[in-house]
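As structure tokens, the structure follows; a few thoughts come after it.
The values are calculated or read from the model by the stated rules, or taken from the named source; none is laboratory data. Small disclaimer: the values here were computed from a predicted structure and weren't measured. Note that each Cβ is placed from the backbone with ideal geometry, even for glycine, and that neighbours are counted across all protein chains shown. Remember, those area values only see protein heavy atoms, side chains included, never the ligands or the DNA or RNA. Shrake-Rupley method; radii C 1.70, N 1.55, O 1.52, S 1.80 Å.
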Amino acid sequence: MNVSELLNKQSILIPLEISDKTECMQAMVDALALSGCVTDKSAYLEAVMNREKTGSTGIGFGVAIPHGKSAGVSKPGLAFAKLAKQTDWDSLDGEPVSVVFMIAVPEAAAGNEHLQILIAISRKLIDEDFRNKLFAVQDSEELIGLLQTI
């Protein structure tokens, strides 16, 4: 699976000015709607928020990966935000978040496509060099180039 193919310029937010994680997730849902992946923003946002209630998607290393399966999603998609300032996410390591990936998958999708995307990203985030490059991206082309290494 090529993670970079799930992104497009409308779903890349560099930098994203927000005041909290809820505002971040709303902005990212809007971006996924602009990119054509999300057809019902409120239904998808509800799925993401419900997932967040089961445990933080702040996975550590300054990264969060909120995600959800919803009938409000027409095709798998990925949004990316590099936050203008670190934001509290109730992360597993207690540290604030600087980078957010949001995964959108149709509810009717066969199998666990969102888990495959999540695993692909998470594996790469273990690599400190990759994380440093991720935190340094300045535009969508740079991000897509980096994600093509996944």
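If you check 23, 5, 46, which single one turns out to be free of Cβ contacts under 8 Å to residues at least 60 places away in the same chain, open to solvent by 40 Å² or more (accessible area, probe 1.4 Å), under 24 Å from residue 150 (Cα atoms) and more than 12 Å from the chain's Cα centre (by Cα)?
Values: 23 fails: under 24 Å from residue 150 (Cα atoms); 46 fails: under 24 Å from residue 150 (Cα atoms).
Within the list 23, 5, 46, the selection yields 5.
Checking residue 30 against (1) under 17 Å from residue 13 (Cα atoms); (2) touching a residue at least 24 places away in the same chain (Cβ under 8 Å), only one condition comes out false. Which one?
Exception for residue 30: condition (2).
Residue 133: open to solvent by 60 Å² or more (accessible area, probe 1.4 Å), under 17 Å from residue 26 (Cα atoms) and not acidic (Asp, Glu), yes or no?
No, not satisfied.
So which residues in region 26-43 are within 14 Å of residue 107 (Cβ to Cβ) and open to solvent by less than 30 Å² (accessible area, probe 1.4 Å)?
37, 38
Output the residues belonging to region 88-120 that are within 17 Å of residue 49 (Cβ to Cβ) and surrounded by fewer than 16 Cβ atoms within 10 Å (Cβ to Cβ).
Hits for region 88-120 are 88, 90, 107.
Name the pairs whose Cβ atoms lie under 7 Å apart, with the first residue in region 135-150 and under 19 Å from residue 10 (Cβ atoms), the second part of a helix (DSSP H, G or I) and small (Gly, Ala, Ser), and 6 or more positions between them or separate chains?
Pairs found: 144/4; 147/4; 148/4.
Return the residues of region 109-143 that are of a type outside the set (Phe, Trp, Tyr), assigned to a helix (DSSP H, G or I) and in contact with a strand residue (DSSP E or B) (Cβ under 8 Å, 6 or more places away or on another chain); say none if nothing qualifies.
113, 114, 117, 118, 121, 122, 125, 131, 134, 140, 143
Select, from 14, 65, the only residue that is open to solvent by 20 Å² or more (accessible area, probe 1.4 Å), under 25 Å from residue 141 (Cα atoms) and of a type in the set (A, V, I, L, M, F, W, C).
Answer to the selection: 14.
Considering only strands (runs of 3 or more DSSP E) fully contained in region 52-106, which possess at least 3 residues that are within 12 Å of the chain's Cα centre (by Cα) and over 19 Å from residue 132 (Cβ atoms)?
The qualifying strands (runs of 3 or more DSSP E) are 77-87, 97-106.
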